[in-house]
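Below is one structure, written out as structure tokens, with a few remarks after it.
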Amino acid sequence: MNILVVGSGPQALFMLRVFSEISEKIELAALSCKVACYSNIPKAIYNFNSKYELSTFIREKINSVDFVCFAGGAEIQSMLEVDSDIFNAKNVQPNKLDALNILSSKILSYNRAEKMAINILPSCMLNDALDKGVDFNGPYILKWNEENLNPIYSEFKTKIFTNIDELIAFSDGFDKEACSKLILQKYLKAGAGQGVSYLGYYVDGKHLFGMLGQQLLQYPMGITAHIAEYQSSDSGEIINSAIHLIESTSFTGFGEVEFIIDPEDGRYYLLEVNPRPCGWASAMLGKYENISSMIIDNSVEPNITSESVEWINVLRFLRSSLEVGPYSCLRALVRVPFIHCYDVFSLRDIKPFLSQFKSNK
């Protein structure tokens with residue numbers, strides 16, 4: 001089976017390792033060189049400097065491979081901008097352009113969720129906030145409505161403001177195009193364990209399998225370092241909300257639905273949808289031993305190996321502990337071998353893990 005994985009981050013590495021169970025003919029294409037590019041799994045690796053070059057390459061490849069799996073947010077957004085119809089090709093995932101357009105936009109996802117009585121936080125596009133004002137109280141968080149591809153703003157992810165005057169002053173640093181792609185949302189402050197997300201796999205809008213993860217540690221802020229499978233009285237309700245949201249489209253592929261739980265009243269709110277494998281996708285390898293089989297043959301039943309998965313990004317986990325102090329870091333180091341489910345680390349494919357020291361990430 002000939003497979004092309006598109007992306008270079010941990011999500012792409014996850015897909016490489018999933019497909020390595022069923023194929024030795026795997027190639028990797030990406031717009032950047034991250035951890036997946038150091039893997040020993042792909043037989044060929046292609047890096048491109050522009051979305052147009054990537055589009056041309058995939059169009060040349062699409063008829064000679066059995067499966068094209070997009071696993072990188074930048075690569076998906078690039079194709080949405082220059083060759084969106086590729087997501088309607090039968091051997092490409094994520095699949096169904098109409099569904100992808102909804103799920104890759106926060107505003108459109110919120111509109112869909114609101115119609116389904118899924119809780120959302122007050123939000124608006126930045127331009128609307130600047131032109132018409134904001135009809136909800138702060139604090140506020142500013143973030144991209146879709147994946148940002150502009151290298152000028154590559155360092156900006158999110159920023160929190162206590163009032164609109166701060167927002168207006170900060171927004172002067174963005175050009176008109178960037179302002180049209182930014183979204184303002186009410187910021188809900190929550191501590192460790194308040195962030196949960198469901199990563200599921202869907203075929204033509206039908207859910208097949210998935211896992212609900214609880215973020216126990218973020219390091220740095222906003223990036224998951226430690227999760228455990230979320231098992232609480234409201235876990236079933238959260239899972240159903242995530243599944244129903246994506247099943248309301250005809251989406252095919254991996255999709256993550258991220259929520260935040262209000263520590264005051266326990267209500268959960270939709271934060272965003274990622275129509276691809278998420279950063280902690282490798283935790284799924286600790287829950288199911290036959291993911292590749294289920295993707296290739298949708299009639300295969302899930303083989304669950306663990307009902308309680310715990311996962312870490314080893315470097316982030318240790319670095320966050322080191323900031324607390326040497327003793328905390330030592331305790332974390334002792335814990336690492338007993339967790340068993342890791343982001344990038346694998347003795348059978350060690351170079352992606354070592355590449356993190358080279359890039360200092």
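Inside region 55-77, can you point out the residues that are within 16 Å of the chain's Cα centre (by Cα) and either on the phi > 0 side of the Ramachandran plot or of a type in the set (S, T, N, Q) (or both)?
If the condition is that a residue be within 16 Å of the chain's Cα centre (by Cα) and either on the phi > 0 side of the Ramachandran plot or of a type in the set (S, T, N, Q) (or both), then 77 is the only one that fits.
Contact map, region 110-135: first residue farther than 16 Å from residue 146 by Cα, second residue open to solvent by 70 Å² or more (accessible area, probe 1.4 Å), Cβ cut-off under 6 Å, separation 6 or more or different chains; pairs are 119/267; 120/114. Here residue 50 meets each of (1) more than 21 Å from the chain's Cα centre (by Cα); (2) without any contact (Cβ under 8 Å) to a residue 60 or more places away in the chain; (3) open to solvent by 40 Å² or more (accessible area, probe 1.4 Å) with one exception, condition (3).
Given the structure, is residue 63 exposed (fewer than 15 other Cβ atoms within 10 Å of the Cβ) and either under 16 Å from residue 253 (Cβ atoms) or hydrophobic (A, V, I, L, M, F, W, C) (or both)? Reasoning before the result, please.
Details: exposed (fewer than 15 other Cβ atoms within 10 Å of the Cβ): yes; either under 16 Å from residue 253 (Cβ atoms) or hydrophobic (A, V, I, L, M, F, W, C) (or both): no.
The answer is no for residue 63.
Identify all residues within region 159-169 that are within 27 Å of the chain's Cα centre (by Cα) and open to solvent by 50 Å² or more (accessible area, probe 1.4 Å); write none if there are none.
159, 160
Scanning region 224-274 for residues that are part of a loop (DSSP other than H, G, I, E, B) and open to solvent by less than 10 Å² (accessible area, probe 1.4 Å) yields a total of 1.
Considering (1) within 30 Å of residue 236 (Cα to Cα); (2) open to solvent by less than 70 Å² (accessible area, probe 1.4 Å), the lone condition that residue 114 does not fulfil carries the number (2).
Among the residues making up region 10-22, those that are over 21 Å from residue 86 (Cα atoms) and open to solvent by 10 Å² or more (accessible area, probe 1.4 Å) are 10, 17, 20, 21, 22.
One residue alone among 199, 208, 216 is touching a strand residue (DSSP E or B) at 6+ places or on another chain (Cβ under 8 Å), part of a strand (DSSP E or B), open to solvent by 40 Å² or more (accessible area, probe 1.4 Å) and under 23 Å from residue 102 (Cβ atoms), and that residue is 208. The residues in region 180-192 that are touching a strand residue (DSSP E or B) at 6+ places or on another chain (Cβ under 9 Å) and open to solvent by 10 Å² or more (accessible area, probe 1.4 Å) can be counted, and the count is 8. Once region 81-99 is narrowed to residues that are in a helix (DSSP H, G or I) and open to solvent by less than 30 Å² (accessible area, probe 1.4 Å), the residue that is nearest to residue 248 (Cα to Cα) is 99.
Each residue in region 340-361 was checked for being in a loop (DSSP other than H, G, I, E, B) and in contact with a Pro (Cβ under 9 Å, 6 or more places away or on another chain), and 4 pass. Within region 284-334, the residues that satisfy the criterion of being closer than 17 Å to residue 19 by Cβ, open to solvent by 20 Å² or more (accessible area, probe 1.4 Å), touching a residue at least 24 places away in the same chain (Cβ under 8 Å) and not β-branched (Val, Ile, Thr) are 285, 293, 298.
For residue 337, the conditions (1) touching a residue at least 12 places away in the same chain (Cβ under 8 Å); (2) within 25 Å of residue 20 (Cα to Cα); (3) part of a helix (DSSP H, G or I); (4) open to solvent by 60 Å² or more (accessible area, probe 1.4 Å) are fulfilled apart from (1).
Give the residues of region 1-19 that are within 15 Å of residue 45 (Cα to Cα) and not in a helix (DSSP H, G or I), sorted by residue number. Selection gives 2, 3, 4, 5, 6, 7, 8, 9.
The values are calculated or read from the model by the stated rules, or taken from the named source; none is laboratory data. What you are looking at is a predicted structure, and each value in this text was computed from that prediction instead of being measured. So basically every Cβ, Gly included, is an ideal-geometry build from the backbone, and we count neighbours across all protein chains shown. Areas reflect the complete protein model, heavy atoms only, side chains present, ligands, DNA and RNA absent. Shrake-Rupley method; radii C 1.70, N 1.55, O 1.52, S 1.80 Å.
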